[in-house]
Amino acid sequence: NVERIETTEGEFKITVPPRHQSYSELNKPTVDGKKEPKTELTNYLIKTIKGHGPMSVAHYMRDCLFHPDYGYYSTQDNIFGEKGDFITAPEVSHLFGEMLGLWCYSEWGRFGCPDHITFVEVGPGKGTLMHDVLKTINQFKPISKVKKRAVLVEKSEKLQKVQKEKLHVASTFHAVTGKEEKILSHGRTEIHWHNEVHPTMFKEGSSLYDPKYEKGMVIILGNEIFDALPVHQFQLTEKGWCEVMVDVNESDDSEEHFKFVLSPGSTQNVFFAWMKEKMSTDVNRIEICPSAMQMVDAVQDVFGMFSEGGTSLFADYGYDRSLENHGYEDQFTLRGIKNHEIVHPLSRPGQVDLSAFVDFGILADRVSRRQLIHQTNINNPSGAADMIGSIFSNQPSNHVSTHVFPILSQEHFLQRMGFDGRFLRLVMNRQFVDDEHADHLMSVYSTLIHDMGHPFKFQCYSTKPKATGFFTYM
């Protein structure tokens, strides 16, 4: 009932997301009428819906992924890698992390080589990316001597344990109180964990506050984080924009215990449809992620907490309607992923990963609008611009000017960072690479550059112009 496109190279299997034509397509029967076993989250959601009525797709998605007791990221043991449900680029090869490490090193130089760097990774998975980034930059003598700390934004205690193992974390303890003081990793980098990206995480009085680091810069990384944030879906009808909701399905026509329905009229979330409708033309379906826009706001706010400002790099599968027409703008892209296969998004709640294509265009627009409001407030201290722009963004006192750059495909970004040259040096080094290893490297290249090279995009936000690899800005 859904289009499924898969590519396989060697041991790597990358699932390319499908496009759903309409909400009704997802309600087609999937098997012979037998209901799938109920998960703990299924029972919880049925009780919630029967008590309060159908819930938004965003509500459903949030509970499925992040419910503290029954959610996917709270309960599943094998998520990433060949034995898990999906493979991310850092798990394909250390070459991916090396290229991002080179980018971080170049950005540090572009910011004037400050003495203190704070790295923040949002959704660090198994900790592989941060491991490879730190390992790479510490090979360069100038930056290896700089004071560094890394903050991993992760709510799941299960994943925090995995990340600590990957980063070889060891704690130091106060000689008198015995209290844990610092957690160390590669190059004696301090490693910390936090629940969310928010400027208060670095404010005076917080556990991460350190005036020495606040005089430096911040580098924020995120790989496949936006796609996991909850989306709202809307369908244009004779009544206007109606929201796609999730209701209980007690019929034997499908194996899922839930179904998609349309709200009888506008909901309180219809504002999001109006907002995106103004940026689009001739669309009958809208999928929008307010949480991603809030995260982009938070990233800019965090920049303002550091004297030297900051830069960020986010990688995910997505599109920008202003640059190329993929057809995703008028589609619902939410889907489930299990064992490297596309499955029904309403199947086995809490045991299936959910994700949706990222609209990088609306995120870029968010940054640009916020920057315009900020600049207008500087020129017009009366604050009239706040009233005009408040529906798009709340302006914190520590907001700083932020540049947003046109997205790059993963293929172009990696190649601009020297991926091809690094790859060739590895393949040609026959002292360490035999035929079997060379075949493996070819599989890695094909996966990162060809299979993932176009669907995955990179977007950069920075307080300074001319970011590494991104030659123009909006």
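The values are calculated or read from the model by the stated rules, or taken from the named source; none is laboratory data. The structure presented is a predicted model; accordingly, all values stated were derived computationally and were not measured. Positions of Cβ are generated from backbone atoms using ideal geometry, with glycine treated the same way; all protein chains shown enter the neighbour counts. Ligands, DNA and RNA are stripped out before the accessible areas are found, and what is left, the full protein with its side chains, is counted by its heavy atoms. Shrake-Rupley method; radii C 1.70, N 1.55, O 1.52, S 1.80 Å.
A few comments on the model shown:
- Cut-off 11 Å between beta-carbons: net charge of the residues surrounding GLY125, Lys and Arg +1, Asp and Glu -1: -2
- The stretch 64-115 and the stretch 437-474 have Cα centres lying 14 Å from one another.
- Residue ranges 354-361, 408-415 sort as 354-361, 408-415 when ordered by packing (mean number of other C-beta atoms within 10 Å per residue, highest first).
- Residues of the stretch 403-422 with amide N under 17 Å of the 7 Å Cα→Cβ point at HIS437: 422
- Amide H contacts for VAL120 (H built 1.01 Å from N in the peptide plane; partners 5 or more residues away or on another chain; cut-off under 5 Å): VAL151, ILE219, ILE220, LEU221.
- The stretch 405-455: C-alpha gyration tensor shape, a/c 1.5 cut-off, then a/b vs b/c: oblate
- Accessible-area rank, largest first, for LEU424, LEU100: LEU424, LEU100, with all protein chains present and a 1.4 angstrom probe.
- In Hz, Karplus ³J(HN,Hα) per residue of the stretch 438-453 (6.51, -1.76, 1.60; θ = phi - 60°; x = Gly, Pro): 5, 4, 4, 5, 5, 5, 4, 4, 4, 5, 6, 8, 9, 5, 9, x
- Working note: Karplus 6.51/-1.76/1.60 with θ = phi - 60° gives the stretch 84-96 the couplings x, 9, 7, 10, 9, 4, x, 7, 5, 6, 5, 4, 4 Hz, where Gly and Pro are set to x.
- Ordered by 1.4 Å accessible area with all protein chains kept, LYS38, LYS166 run largest first as LYS38, LYS166.
- Amide H contacts of VAL400 (H built 1.01 Å from N, under 5 Å, at least 5 apart or other chain): GLY304
- In this structure, the amide hydrogen of SER307, modeled 1.01 Å from its nitrogen in the peptide plane, lies closer than 5 angstrom to those of LYS215, GLY216, counting only residues at least 5 positions away or on a different chain.
- Karplus-derived 3J(HN,Hα) values for the stretch 349-362, using 6.51 cos²θ - 1.76 cosθ + 1.60 with θ = phi - 60°, are x, x, 10, 10, 6, 10, 7, 9, 4, 8, 8, 5, x, 6 Hz; glycine and proline are entered as x.
- Solvent-accessible ranking of PHE419, PHE471, largest area first, probe 1.4 Å: PHE471, PHE419
- Estimated Rh, the stretch 185-313: Kirkwood, alpha-carbon pairs, angstrom: 18.3 Å
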